[in-house]
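See below for the structure under consideration.
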Amino acid sequence: MELKIEHLQKHFEKKTVLRDINFSFSQGKIYGLLGRNGAGKTTLFNCLNQDLPIDSGRFYLVSEDGKEFPLGVDHIGYVLSTPQVPEFLTAREFLKFFLEINEQQIPDPQPIDAYFDFINIEKEDRDRLLKDFSHGMKNKMQMLINIIAHPKVLLLDEPLTSLDVVVAEEMKEILRELKKDSILILSTHIMELALDLCDEIVLLNHGVLSEVPQQAEEEVMRAHILSALREEDHV
Ligand SMILES: Nc1ncnc2c1ncn2[C@@H]1O[C@H](COP(=O)(O)OP(=O)(O)OP(=O)(O)O)[C@@H](O)[C@H]1O
């Protein structure tokens, strides 16, 4: 499966943020999206997630047998850097509610505690209100529901920054598993994370996307990324 984006444009008032986005993302790879502050990474995610209307262009999925179909909101998971969870529910209530309303879409539902075990939420925290969860724990819950939903396209905005080193490593493993069935695009400012986890690095610069050529030497890639992003007339 592929996610194709063609001539996508988006502006806010006089500012053109996405000038001409053309790219093809493939299942089986984790893409690291890098760009300067304000380059338009979140805007691109919001457009793909259909939270923002685009000005022009198109994006769609292409199946293995070459059939094109629209990228529906049901096909997308979006993990936000600031986790959005219903704070008035306990972790268990939230998960139970999520499993119930998505019953049809979840291929192999597991008992609730198996999910908590999977992301290492302690037994004593499972019946606590989400408002009392730490940022990292909320992030794990958000990641968990996106993993369960098994979307065709998973967008992750700065996903690992609030997680402790052990959980971050566990999440990396989970993402490496998920890429087998999904298209994963991860935005980050942490170059080490991009180089370590991602199969391809894509730069958003001057409103266009470009792929960083794969190099055997990480140092060469690092230098390429920095010099490409430094060129930006950054405001
Ligand atoms: N709703 C909006 N209305 C007006 N301008 C906006 C809106 N959303 C984003 N922008 C502008 O679009 C540009 C791109 O913002 P965006 O948040 O997409 O960048 P980003 O690459 O995610 O940045 P960062 O790395 O700092 O999070 C910025 O100049 C921002 O001010």
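Read-outs throughout are calculated quantities, based only on the coordinates presented, and are distinct from any laboratory measurement. Please read these numbers as outputs of a predicted model, since none were measured by experiment. Cβ sites come from the backbone with ideal geometry, for glycine too, and all protein chains shown count toward neighbours.
Straight-line reach only, C-alpha to C-alpha below 17 angstrom: list the lysines that Lys10 could link to, leaving out same-chain residues fewer than 8 apart.
Lys41
As an exercise, find the ratio Rg/Rh for the chain from alpha-carbon atoms, using the Kirkwood inverse-distance average for Rh.
0.97
Beta carbons within 10 angstrom, averaged per residue: use that to sort the peptides 151-158, 165-172, highest first.
151-158, 165-172
Which Cα, out of Leu44, Met221, Val85, lies furthest along the positive dipole direction of the chain (beta carbon charges, K/R +1, D/E -1)?
Towards the positive end, the residue furthest out is Leu44.
Under the √(5λ) rule applied to the eigenvalues of the Cα gyration tensor, what semi-axes describe the equivalent ellipsoid of region 158-215? Give them in Å, descending.
Whole-Å semi-axes of the equivalent ellipsoid: 21, 14, 10.
Which one of His150, His224, His206 has the biggest mean-square fluctuation once the chain is modelled by GNM with Cα springs under 10 Å?
Of the options given, His224 has the highest mean-square fluctuation.
Please give the calculated 222 nm ellipticity per residue for the chain, where each DSSP H segment of at least 4 residues contributes -39500 (n - 2.57) and the sum is spread over every residue; nearest 500 deg cm²/dmol?
Helix contribution divided over all residues of the chain: -9500 deg cm²/dmol.
Report the Cα centroid-to-centroid distance between region 55-131 and region 169-235 in angstrom, as an integer.
After rounding, the separation between the Cα centres reads 24 Å.
Which of the three applies to region 24-84, rounded, prolate or oblate, going by the alpha-carbon gyration tensor with a ≥ b ≥ c and a/c under 1.5 meaning rounded?
Here region 24-84 falls in the prolate category.
Write down the Å³ per residue value for the convex hull defined by the alpha carbon atoms of region 139-235.
Expressed per residue, the convex hull around the Cα atoms of region 139-235 is 122 Å³.
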